[in-house]
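J.: Let me give you the structure first, and then I'll get to my questions.
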Amino acid sequence: MSRTPFHLGIALDGAGWHPAAWRLDAARPAALFDADYWVSLVVEAQSAGIDLVTIEDSLGLQTSGFGAVELRRDEVRGRLDALLLANTIAAQVPGIGIVPTVTTTHTEPFHTATGIQTLDHVSEGWAGWRVQVSARSHEAAHVGRRAIPALDPVAAAVGTDEEQSALIRQLFGEAADAIEVAHRLWDSWEDDAVIRDVATGRFIDRERLHYVDFEGESFSVKGPSIVPRSPQGQPVVYVLAHQQVPYELAVAQADIVGITPHSDEHLERILGELGDTELRVERRVNDPLRIWTEAVVLIEDTREKAAEALAALDELHRGTYASDAVILADTAENVAAQLLRWQQAGVTGVRLRPARLPLDLERITRGVVPVLDETGVLERPRDASTLRQRLGFAPATNRYATARPETAELIESANR
Amino acid sequence: MTTSSSSKPTKQIHLAAHFPGVNNTTVWSDERSESQIAFSSFRHFAQNAERGKFDFLFLAEGLRLRETRGLIHDLDVVGRPNTLAILAALAGVTSNIGLVGTLSSTFNEPYELARQLATLDHLSRGRAGWNIVTTSDAFHGANFRRGKFLDLADRYSRAQEFFDVSSQLWDSWADDAIVADKQSGEFVRTSGLGLVDHHGPQFDVTGYATLPPSPQQHPVIVQAGDSPDGRDFATSSADVIFSRHADYEAGRAFYDDVKGRLDAVGRPRDSLKILPAATFILGDTQAEALERSREISRLQVSPQTAISFLEQVWNTDLSGYDVEGPLPEIDPVVTAEGGAKGRAHVHTDPVATANAWREQAAAEGWSIRELVISFAAKHTFVGTPTFVAETINRHVQEDASDGFVIVGNTNPTGLDEFVDRVIPELQERGVYRTDYDENATLHETLGLPPVPARSTSTVAGAALVSA
């Protein structure tokens, strides 16, 4: 029986996802603003065959939740721009997906699209984009273009507060527009647009470049991209989603949706909601949506030691660490077993958030990966030359090229 | 200490490497010409410039593809990367060379761009630079949120305010704000974070920056505008002027003007470097170099390119004209719209330009193509490596410049020959570094004074407020 492949992503952030992780012996808190620190983490992931890494970001200092900025002295504060960091890493580490987080709320969609496209050229086909919405009022004050009222995530989730629901819909609508612009710009050059025809003096065939002519509520973009089509054509779009509105965004526009089940029942409910959403919302991407789960991971030799290590971190932090994702504090074998249970439930990958860096990354690569490998679920094209190939996506077609009459004719005659 | 010229100290030459642009200077109809977008091209270009100990490499910015008469211009190289993204990538494959990008103050927001430049400075360990440009037209605005809003007169005031807000952000964390003491549990000294609270005509920015001071604290600021406003901005805020006065006499006049403005505001003369753009053609003999210059200029101005330059003035189809023959006798079609978009120079009076060109061509006996070559494919330094090195050195020692931004004509190998043959000549004369100083920032490589040290006692209460 051939198994469905299962894909592995690592979510990199600071010294790890536990807010006290920077205080451990193995942590390198003074190196968080050095490229070398990040390169060494990605090399570790790449050499173990991890499919992709993501890099967290926001347009402001770290906060917990959606509240105002907290100038806490005991947590990591400060962060490099993820898109730029991704490009520095990609120039040095080949053969692993590099997926920076970029917000759609205050950024220029044109800059974001060309930045990710450049990352695809630099990495020679391993770029992705973790789309994020900024609902924090202090981030809006950094740009001063609009005011965003303080968000109450509970009220927004249950949908009882009209204003909060409208705000969420507006922000995710803008995110959908930003992804749409990116998808169009990424196709705005056909693969063979550069012709270098000395006889006619033309470097490009401008018939193979396309205006994208996007007009939305928050912005309009004429195009074409300044960047020629990149190796993947369409870099991989990842959306983390916890509720209905982001589910709709993911179903319409994402290649991969990250979900955060806390139990088997919870997973079943989320899969059901995503399934219902797929019936209602038009999908604008060719490949079927991939569903990945997310989990914070802390690994020790025994379950007891893992629980102790987590408790010790919580004590250092003087509070219990809570996450939107489930926290797996366990042995490598048990973490692998949980991933396999998710896989059997129809999940196609996981984005693991190491509680401690580099410690839990190494325990994933050296402990969890070998266990999974034995089961055969990690079988995949090892010679894949792009992230899309590695994840088993079909080659990206070009919406403008297929609309050309002669191309359409070719396809038609080939089908005859 | 005397100021007479005989005892004037020998100046050290500063050089920048301009990545081949998307104009006719870059020859693509040549077998050595490689991809304009593959990372391998950028890596080669950067590593070659670093081999030549250049101060920095320089990238222009693409905000929209050029158009001629309503169509995407297809005769020159088209397509380039996102400026910040490619510079960050190059930071990963170089160690010493400065990384300077052109970034618009019109189609960016200060909080985000200041953060990205600080990130680039961290990633490169102090090698970031920013060529701050202004853009005002709706043509480029069509790709951005702000669209077509900026009055010409507001361009420099926006750039100045953009720079001022960026500086506040760069200065807002104390040098010792990051403690990262595992024992005490203090990661950041919160009193070392200053709140930026800026409210001005162009920007409202309130909040904390996300990064501790980068190695340079501020990126090196480059300015390229030539107008009085541009020169004033450079005098107050820039570290390098990227000028177009490579000609000896014009260079001396410009140098004198700008350094005089520095005297007037009490800035040291060597705190602002003037680097004109310059092209070069080498040969084993002067005659061979001249012959190569002629050949390359014909590649830079293909028959179609020559016609296109004329059409930008005539604003009508001239494809029936023979480029090896005389200029059209018909007059330009004058419309309110004008012909070329996305170019720095727009012809404001096409009829006068056409008349002047016709007169000049007739006087020199030039064809259409020869006329276009005379202004669009003129090479600054043509000769043997020794001649080029001596000419560059004379310009610098005699205050026509502090060095040059060298523009090659092929991507990515256009500066290989310069590094192989001209750089050693400059080094032999003792006017150019034989290696970088260890761990030098770009400020230090350029011989600029450091950004003034700040107090390490910034407190949140003493917020950086500006009205």
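Throughout, read-outs are computed from the coordinates displayed, never taken from laboratory work. All values derive from a computational prediction rather than experimental measurement. Using ideal geometry, Cβ is built from the backbone for each residue, glycine included, and neighbour counts are taken over all protein chains shown.
J.: Find how much the distance from B:Ser157 to B:Gln47 grows on full extension, using 0.36 nm per residue of separation minus their present alpha carbon separation; answer in nm with one decimal.
T.: Values: separation 110, 0.36 × 110 = 39.60 nm, distance 3.71 nm.
Extra length from B:Ser157 to B:Gln47 when fully extended: 35.9 nm.
J.: If you don't mind, there's one more thing I want to ask. Going 7 Å from the Cα of B:Ser319 in the Cα-to-Cβ direction, what parts of the range B:266-307 have a backbone nitrogen less than 13 Å from that spot?
T.: Answer for the range B:266-307: B:304-305, B:307.
J.: Another one. For A:Leu378, A:Leu41, A:Leu12, which order do you get if you count the other beta carbons within 10 Å of each Cβ and list the fewest first?
T.: Details: A:Leu378 19, A:Leu41 22, A:Leu12 26.
Least to most surrounded, the residues fall as A:Leu378, A:Leu41, A:Leu12.
J.: OK, next. Mean-square fluctuation check for chain A, GNM, Cα pairs under 10 Å: which of A:Arg366, A:Arg73, A:Arg130 is largest?
T.: Of A:Arg366, A:Arg73, A:Arg130, the most mobile in the Gaussian network model is A:Arg73.
J.: Ok, one more. For the protein assembly as shown, give the magnitude of the charge dipole about the Cα centre (Cβ charges: +1 Lys/Arg, -1 Asp/Glu; no others), in debye to the nearest 20.
T.: Values: 81 positive and 124 negative charges, 117 e Å.
For the protein assembly as shown, the charge dipole is close to 560 debye.
J.: Here's a follow-up. Averaged over every viewing direction, what's the projected area of the C-alpha convex hull for chain B? Give it in nm², one decimal, please. Each step should come with its number before you reach the end.
T.: Details: hull surface 101.1 nm².
One quarter of the hull surface, i.e. the mean projection, equals 25.3 nm².
J.: Taking every DSSP beta bridge with both residues inside chain A, roughly what % is antiparallel (nearest 5)?
T.: Details: 5 of 43 bridges.
So the antiparallel bridges in chain A amount to around 10 percent.
J.: Follow-up question, since we're still on this one. State, as an integer percentage, the relative contact order of chain A based on alpha-carbon contacts under 8 Å between residues 6 or more apart.
T.: On the way: 740 pairs, mean separation 85.2, N = 416.
Here the relative contact order equals 20 percent.
J.: Give, in nm to one decimal, the length gained when the segment between B:Glu417 and B:Phe375 is fully stretched (0.36 nm per residue of separation minus the Cα-Cα distance). Mind dumping the intermediate values first?
T.: Values: separation 42, 0.36 × 42 = 15.12 nm, distance 2.43 nm.
That pair, B:Glu417 and B:Phe375, stretches by 12.7 nm at full extension.
J.: Now for a separate question. Name all residues of the range B:275-312 having a backbone nitrogen under 16 Å from the label point set 7 Å from the Cα of A:Thr200 along its Cα→Cβ direction, giving them as ranges.
T.: B:303-305, B:308
J.: Separate question: Taking H placed 1.01 Å from N in the peptide plane, check which residues at least 5 places from A:Trp129 or on another chain put their amide H under 5 Å from its amide H.
T.: Those lying under 5 Å, H to H, from A:Trp129 are A:Val236, A:Val237, A:Tyr238.
J.: May I pose another question? Among A:Val53, A:Val257, A:Val154, which one shows the highest mean-square fluctuation when chain A is modelled as a Gaussian network with alpha-carbon springs under 10 Å?
T.: Highest fluctuation among the options: A:Val154.
J.: Quick one: order B:Leu327, B:Leu15 by neighbouring beta-carbon count within 10 Å, fewest to most.
T.: On the way: B:Leu327 21, B:Leu15 26.
Going from sparsest to densest Cβ surroundings: B:Leu327, B:Leu15.
J.: Using mean Cβ contacts within 10 Å as the protection proxy, how do B:221-232, B:264-275 order, highest first? Each step should come with its number before you reach the end.
T.: On the way: B:221-232: 18.5, B:264-275: 15.2.
Highest-to-lowest ranking by the protection proxy: B:221-232, B:264-275.
J.: A further question follows. From the P(r) of chain A, could you give the percentage of C-alpha pairs in the tail past 28 Å? Intermediate values should be presented prior to the final figure.
T.: Numbers: 42541 of 86320 pairs.
Across chain A, Cα pairs with separations above 28 Å total 49 percent.
J.: Further question on the same structure: Karplus couplings for the range A:276-288 from phi (6.51 cos²θ - 1.76 cosθ + 1.60, θ = phi - 60°), rounded to Hz, Gly and Pro as x?
T.: Going residue by residue, I get 4, 4, 4, 6, 9, 9, 6, 8, 10, 10, 5, 6, x Hz, with x marking Gly and Pro.
J.: Moving on. Positive end of the dipole of the protein assembly as shown, charges at C-beta (+1 Lys, Arg; -1 Asp, Glu), about the Cα centre: which of B:Ser367, A:Thr348, B:Gln168 has its Cα farthest in that direction?
T.: With unit charges placed on the Cβ atoms, the residue in question is B:Gln168.
J.: Continuing with the same structure: If I model a spin label at A:Asp161 and A:Glu273 as a point 7 Å from the Cα along the Cα→Cβ vector, what separation in nanometres do I get?
T.: Spacing of the two 7 Å Cα→Cβ label points: 1.8 nm.
J.: Extending each Cα 7 Å along its Cβ direction at B:Tyr436 and A:Ser47, get the distance between those two points in nm, one decimal.
T.: In this crude label model, B:Tyr436 to A:Ser47 measures out at 2.6 nm.
J.: What FRET efficiency, computed as 1/(1 + (r/R0)^6) with R0 = 25 Å and r the Cβ-Cβ distance, is obtained for B:Arg292 and B:Ser35, rounded to the nearest 0.05? Don't skip to the end; give the middle numbers.
T.: Working: r = 24 Å, r/R0 = 0.97.
The computed FRET efficiency comes out at 0.55.
J.: In Å and from the alpha-carbon atoms only, list the Rg and Dmax of the protein assembly as shown.
T.: Expressed in Å, the Cα Rg and Dmax of the protein assembly as shown come to 28.5, 93.
J.: Provide the gained length on full extension for the span B:Asp247 to B:Ala363, in nm with one decimal, where the gain is 0.36 nm per separating residue minus the Cα-Cα distance. Kindly include the intermediate steps, with their values, before the conclusion.
T.: Details: separation 116, 0.36 × 116 = 41.76 nm, distance 2.28 nm.
The span from B:Asp247 to B:Ala363 would gain 39.5 nm if fully extended.
J.: Taking neighbour Cβ counts within 10 Å as the exposure measure, how do B:His199, B:His379 sort from fewest upward? Can you show the working numbers first?
T.: Values: B:His199 12, B:His379 21.
Ranking B:His199, B:His379 by Cβ neighbours within 10 Å, fewest first, gives B:His199, B:His379.
J.: Which of A:Asp57, A:Asp383, A:Asp81 ends up with the largest GNM mean-square fluctuation for chain A, with Cα atoms connected below 10 Å?
T.: Result for chain A, Cα springs under 10 Å: A:Asp383 fluctuates most.
J.: A further question follows. Looking at chain A, which longest stretch skips every one of the GluC sites (Glu not before Pro) that is in a DSSP loop with at most 15 other Cβ atoms within 10 Å, leaving the sites themselves out? Show your work: numbers first, answer last.
T.: Details: sites that count: A:Glu70, A:Glu217, A:Glu282, A:Glu379.
The longest such stretch corresponds to A:71-216.
J.: Name the residues whose placed amide hydrogens come within less than 5 Å of the amide hydrogen of A:Arg353, ignoring near sequence neighbours (fewer than 5 apart) on the same chain.
T.: A:Ala11, A:Ala295, A:Val296, A:Val297
J.: Return the distance in nm (one decimal) between the two label points of a simple spin-label model at A:Ser137 and A:Asp213, each offset 7 Å from Cα along Cα→Cβ.
T.: In this crude label model, A:Ser137 to A:Asp213 measures out at 4.2 nm.
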